[in-house]
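Below is one structure, written out as structure tokens; the observations come after it.
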Amino acid sequence: MYLEAPDPNEIAAWLQLTQTRGISPAQWRAALTQWGPPQQVLATPARELARILGHEAAHSLHRAPDAALSQSIDAVVAWTEKTGHHFITLADGRYPAQLLQLADPPPVLYVEGDPGGLTVPLLALLLSRNATREGVLNARQFADALVERGIALLCECGEDSNEAARAAWARARVTVAGRAPGLRSIRTADNAPAQPRQTLVFDSWSSSGSMRAPARQADRLMAGLARAVLVIEAGRDSKPLATAQLAAEFGRDIFAVPGSIHSPVSKGCHRLIKDGAKLVESAQDILDELNGFKALRADPAVRH
């Protein structure tokens, strides 16, 4: 059971090690391998740390966090004290196995809701932010059909998503947010209350403005968490296309819904199909292709 909030010192150590400027992901992973948990890394003499982190970064870890990092640490600690908020690190048994397959998994996940939502097989549904009315309708129909067959859905929902698109994801099991600010406003569409066991996850805390997520960070989290991806509509240079291509690099199964050759939001789907994605016209096409989706079927207990 994980009912207690993390030790504030543990939170501070994880954030200081992974967010201090000048320390790359490869370096902090090497430090964890060499010296153990972040608190032990911070307790290691700077001259020893310098062998992996370099002189400047090693000494930075032995100084107090700067104002921006301190602000973020305080905000994260306060956030974890709220019911249903979870600070999950690479060393936590709740960390999703899917992400551990990546060469550079995020060191920390911030989870609101049920952490168990990250451990069930997830099918990501992707839809252009400029989706057509038909695209939104298709997304709702696929979502309904897949959930009714016990499939746990994954989606990304941002503050810049239109209401129609946000409503299309109302039945998602897990929602990925780009970063902390505004997460309450993207929990669900205004006309679609959150499901009791819905899970919200993000891997970047940006309350100070100095720790901004890279442009593709949410894409990587989506692609990493998914076992398979379904693209409803995507433009030629769209975010859904980029996420699907990244998921393909991670070895995930990719499905795409075709559209008009004249529609700009169909160009991405057609590109994916040309590159080997499976063309689908119904949820049954996905279930048939993946042997009835048995390998991806979620526990019936988490059905909506």
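The values are calculated or read from the model by the stated rules, or taken from the named source; none is laboratory data. Since this is a predicted model, take the numbers as computed values, not measurements. Cβ: placed from backbone, ideal geometry, glycine included. Neighbour counts: every protein chain shown.
Brief remarks follow.
- Scope segment 13-29; condition over 18 Å from Asp92 (Cα atoms) and surrounded by 15 or more Cβ atoms within 10 Å (Cβ to Cβ); matching residues: Gln19, Thr20, Ile23, Gln27
- Some residue of segment 152-173 being in the same structural domain as Gly224 (by TED's automatic domain parsing), polar (S, T, N, Q), assigned to a helix (DSSP H, G or I) and modelled with pLDDT under 70: no
- For segment 100-113, filtering for residues that are surrounded by fewer than 19 Cβ atoms within 10 Å (Cβ to Cβ) and either aliphatic (A, V, I, L, M) or modelled with pLDDT of 90 or more (or both) leaves 3.
- Any hit, segment 281-290, residues being at pLDDT 90 or above, over 23 Å from Ala152 (Cβ atoms) and of a type in the set (Gly, Ala, Ser): no
- Where a residue in segment 217-244 is over 21 Å from Ile286 (Cβ atoms) and its partner, wherever it lies, is among the polar types (S, T, N, Q) and part of a helix (DSSP H, G or I), with Cβ under 9 Å and at least six apart: Ala218/Thr243; Asp219/Thr243; Arg220/Thr243; Gly235/Ser266
- Only one of the listed residues (Arg227, Arg220, Arg197) is touching a Ser or Thr at 6+ places or on another chain (Cβ under 9 Å), under 30 Å from Val76 (Cβ atoms) and modelled with pLDDT under 95. That residue is Arg220.
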